[in-house]
2 protein chains.
Amino acid sequence: MKPPSSIIYGVVGIDDLETPAGRVRGVLGGPAVYAALASRLFAPTGIVSVVGRDFSAKHRKALSGIDLSGLCVHRSELTFRWKGRYTGSMDCAETIRTDLNVVASRRPQVPEFYRAPGRYVFLGNADPDTQLEFLSMMRQPRFVALDTMNYWISSKRGRLLEVIARCDALLVNEGEARQLTGEHGLVSAAARLVRMGPSYVIIKKGEHGTLLAGERGNRRSHFFSPSYPVRRVIDPTGAGDSFGGALVGFLASKGKVTESLVRQAIVWAGAAASYTVESFGTSALAGAGRRQVARRYSAFRGLVRF
Amino acid sequence: MKPPSSIIYGVVGIDDLETPAGRVRGVLGGPAVYAALASRLFAPTGIVSVVGRDFSAKHRKALSGIDLSGLCVHRSELTFRWKGRYTGSMDCAETIRTDLNVVASRRPQVPEFYRAPGRYVFLGNADPDTQLEFLSMMRQPRFVALDTMNYWISSKRGRLLEVIARCDALLVNEGEARQLTGEHGLVSAAARLVRMGPSYVIIKKGEHGTLLAGERGNRRSHFFSPSYPVRRVIDPTGAGDSFGGALVGFLASKGKVTESLVRQAIVWAGAAASYTVESFGTSALAGAGRRQVARRYSAFRGLVRF
C-alpha cells in the first residue's frame, strides 16, 4: 500500500465545549483530528492515534478522506475526553475536565507502511516521551513539525528539548516561546529557539498572526503573516492544530521544503485555521474545501500589500 | 512665509527615563518632539507648543531643521517634565512623576501663516479640549491624525469623541481601542472606530505591528504591517509619537491621501519608530537619516513576502 505523505500523530478525542457563542457536547476533537482535517486539504493524510468503544460511526465518518489504518480502536477503553471553556476574549481555554481514558494505557501503533522514508510528520501536543517513541518508529521522515504546550515545558523539559532538537519546525504560541527561552521579546525568543535545533521556528500569536524565524548561514530571516480577519470567532478550539496540519499537508504536497514554501505554507495554514474558529468543533473546517481556503490565501496578499 | 506642510501639535517636554537598559536625565522629549523629528524626515515640519525658561539652547539645537515659529517660550514658567520607568517587557510606561508646569497655564499659539489651508496635522496626545481649540484655529487642514490615551478616554470621553469625529486618521494602541469600543477583538474594535468618523483607524500593537482598517463604500478594508524586528529595545519612549509624525510627514510629502499611500505611510512610520526604540530619548531617531529609514522600509517587503 502507498503510505499517506502526511502523517498526523496525536490525540483523537471527544470534546464538550463552551464559548460565549454557546456550547456543544460530544463533538469530535483532539489535535490529531483538527490537524488531519486541515492536512487532507493538501495531501493524502493518515492519523496515528488510539480511541475507545465510544468512538462512533458518526465520528469516523467525519474523518472521511483520511487514512485511518493507524487509528486503533480499543473496545475495552473509552476515548480521550476533554471539557473546556472559553470566556471573554477567548484568549485561552480553561480546562474543566480531562479524562485520559485510552490515552493513559495504550500507545498508538504505527502501521508498517507508514514508516516508509520521506514522510511529512505532524507531532501533535503529547507527552514528549511518546513523541520520541513515535519518531523512533519512523524511518527518515522528510519533515517533522512539533507542537507542544506549557505543561510539558515545565514537567518534561529535558525530554521536550530532545524532541525539539529532532524536529524541523517548532510550533509554539507566545507564552510557550517565552517559557522555553526566558526571553520576553518574540524576536529574541525565536532566535534562541532556532539555536535549539529546528530550522524553522513558528510562533503563533493568535489574532496577531504568525512569526517565522529561521537562520540561513549567518543571516537571520524573519517572516510575518497576519491572522485572517475573521468577523466572529465562535470557538477557537483546534485553531493551532489546524494550522500545524495544514502546514505539514501543504509541504507534503510540494514534496520539498524551502523557506519560500514554508512561508506559503504558513499563509495556507492561517487560511485553513481561520475556518476552524468560525464554528464549534470541526464543522467549519471540515466543510471548507480547497477552493474556499484558496480564496482566503489570496486575500492575504491584499492584507499585507503596500 | 511659506508654512510647513506638516504641523505637529502637542507637548514638548523634558524627560527622566529609566529602562532595564539604563537611565537618562533631562533629555528632550514629549509627543511633539518625537513626532516632529520623524516628520521632518519627509516634509517641512513645524511644532506648535509651549516651553519654559529651562528649555535650553541644547534642546533647541536637537530640533534643528524643524520650524519653531509656533514654539512659544514662557520665561516665567518651566517646561513640562515627565519621569517614567519601563520594567520587564517594557510593554507600558510607569509614570513616576509628571510636572505640567507651563502646560497647565499656557495654551500654544498658532502662527498666522501655519493656519493656511491644506496642512497635514498631527494632534499629539493632549486634553481633547485643547486639541479642539487648536483644530478650530486651522483653516481646512487636508489631513488630521489624532493620538490620545486611556486617561482622556475615561475622563473626557464626550469631547474626545468630537475630536475623533473630526480627524481623518485615529491612532490608538490595543488597550485604547478596546477601551473606546468595548470590543476585545481588534478587527471588531477597528470596525466600530471607523463608524465614529475617521476614514482610517490605525491600531498600534507594539511588537505585533500595526492594523489599518478603513471602509470604502460597502467594503471593509484591512492592512497589516509587522513591527521591524529590532535586535534590542533600549527605550520605547516616543515610539508611538514617532510613528504618528512619520505618517503625517510622509503623506504631507505626497500632497494627497489615498489608502495605498496610507499603507506606505504606515510602513515608513514603522521604519522610523524602529530607530526611536534603539536609544534613550531622541538620539537614535534624530541620528537616522532618510536613507537609513528607507533601508528598513525596503526590508519590510521581505518580512511579508510569500
Checklist line | Whichever residue in segment B:173-212 is among the hydroxyl-bearing types (Ser, Thr, Tyr) and surrounded by 19 or more Cβ atoms within 10 Å (Cβ to Cβ) and, among such residues, is nearest to residue A:223 (Cα to Cα) | finding: B:210
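Can you say whether residue B:132 is surrounded by 20 or more Cβ atoms within 10 Å (Cβ to Cβ), over 23 Å from residue A:303 (Cα atoms) and away from chain A (no Cβ under 14 Å), as far as the supplied structure shows? Give the derivation first.
Details: surrounded by 20 or more Cβ atoms within 10 Å (Cβ to Cβ): no; over 23 Å from residue A:303 (Cα atoms): yes; away from chain A (no Cβ under 14 Å): yes.
Judged against the criteria, residue B:132 is not a match.
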Next item on the list: State all residues of segment B:217-259 that are touching a residue at least 12 places away in the same chain (Cβ under 8 Å) and β-branched (Val, Ile, Thr); if no residue qualifies, say none.
Entry: B:230, B:233, B:234, B:237, B:248, B:257
Next item on the list: Would you please list the contacts, defined by Cβ atoms under 8 Å and residues six or more apart or on different chains, that run from a residue in segment A:105-129 that is among the β-branched types (Val, Ile, Thr) to a residue that is in a loop (DSSP other than H, G, I, E, B)?
Entry: A:110/A:138; A:121/A:138; A:121/A:141
Checklist line | Residues located in segment A:175-213, provided they are more than 24 Å from residue B:234 (Cα to Cα), away from every other protein chain (no Cβ under 12 Å) and small (Gly, Ala, Ser) | finding: A:197, A:199
Checklist line | Pick from segment A:214-234, criterion within 11 Å of chain B (Cβ to nearest Cβ) and touching a Lys or Arg at 6+ places or on another chain (Cβ under 9 Å), ranking: surrounded by the fewest Cβ atoms within 10 Å (Cβ to Cβ) | finding: A:229
Note to self: Conditions first: (1) closer than 24 Å to residue B:253 by Cα; (2) not in a loop (DSSP other than H, G, I, E, B). Residue B:152 passes all but one, so which condition is the exception?
What the structure shows: (1)
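Only residues that are within 14 Å of chain B (Cβ to nearest Cβ) and of a type in the set (A, V, I, L, M, F, W, C): list them for segment A:248-293, please.
Residues of segment A:248-293 within 14 Å of chain B (Cβ to nearest Cβ): A:250-251, A:254, A:258-271, A:274, A:277-278.
Once the filter is applied, which keeps residues that are within 14 Å of chain B (Cβ to nearest Cβ) and of a type in the set (A, V, I, L, M, F, W, C), segment A:248-293 yields A:250, A:251, A:261, A:262, A:265, A:266, A:267, A:268, A:269, A:271, A:277.
Kindly evaluate residue B:300 against the criterion of being surrounded by 23 or more Cβ atoms within 10 Å (Cβ to Cβ), among the hydrophobic types (A, V, I, L, M, F, W, C) and not in a strand (DSSP E or B). If you could, list the steps in order and put the result at the bottom.
Values: surrounded by 23 or more Cβ atoms within 10 Å (Cβ to Cβ): yes; among the hydrophobic types (A, V, I, L, M, F, W, C): yes; not in a strand (DSSP E or B): yes.
For residue B:300, the condition - surrounded by 23 or more Cβ atoms within 10 Å (Cβ to Cβ), among the hydrophobic types (A, V, I, L, M, F, W, C) and not in a strand (DSSP E or B) - is met.
Scanning for something closer than 19 Å to residue B:134 by Cα, in a strand (DSSP E or B) and hydroxyl-bearing (Ser, Thr, Tyr), does segment B:19-30 turn up at least one residue?
The initial filter retains those residues of segment B:19-30 that are closer than 19 Å to residue B:134 by Cα, namely B:30.
From what's left, in a strand (DSSP E or B): none.
No, every residue in segment B:19-30 fails to be closer than 19 Å to residue B:134 by Cα, in a strand (DSSP E or B) and hydroxyl-bearing (Ser, Thr, Tyr).
Limited to segment A:42-94, what total is found for residues that are assigned to a strand (DSSP E or B) and under 27 Å from residue A:133 (Cα atoms)? Steps first, answer last, please.
Start the filter on segment A:42-94 by keeping residues that are assigned to a strand (DSSP E or B), which leaves A:45-52, A:67-74, A:80-85, A:94.
Within this subset, residues satisfying the condition of being under 27 Å from residue A:133 (Cα atoms) are A:45-52, A:67-74, A:80-82.
Residues flagged as assigned to a strand (DSSP E or B) and under 27 Å from residue A:133 (Cα atoms) within segment A:42-94 amount to 19.
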Check: Can you find even one residue in segment B:83-95 that is surrounded by 16 or more Cβ atoms within 10 Å (Cβ to Cβ) and at positive phi?
Finding: yes
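Laboratory data are not the source of any read-out in this text; all were calculated from the coordinates shown. Everything numeric in this text was worked out from a predicted model, so none of it was measured. Cβ coordinates were reconstructed from backbone atoms using ideal geometry, including for glycine residues, and neighbour counts include every protein chain displayed.
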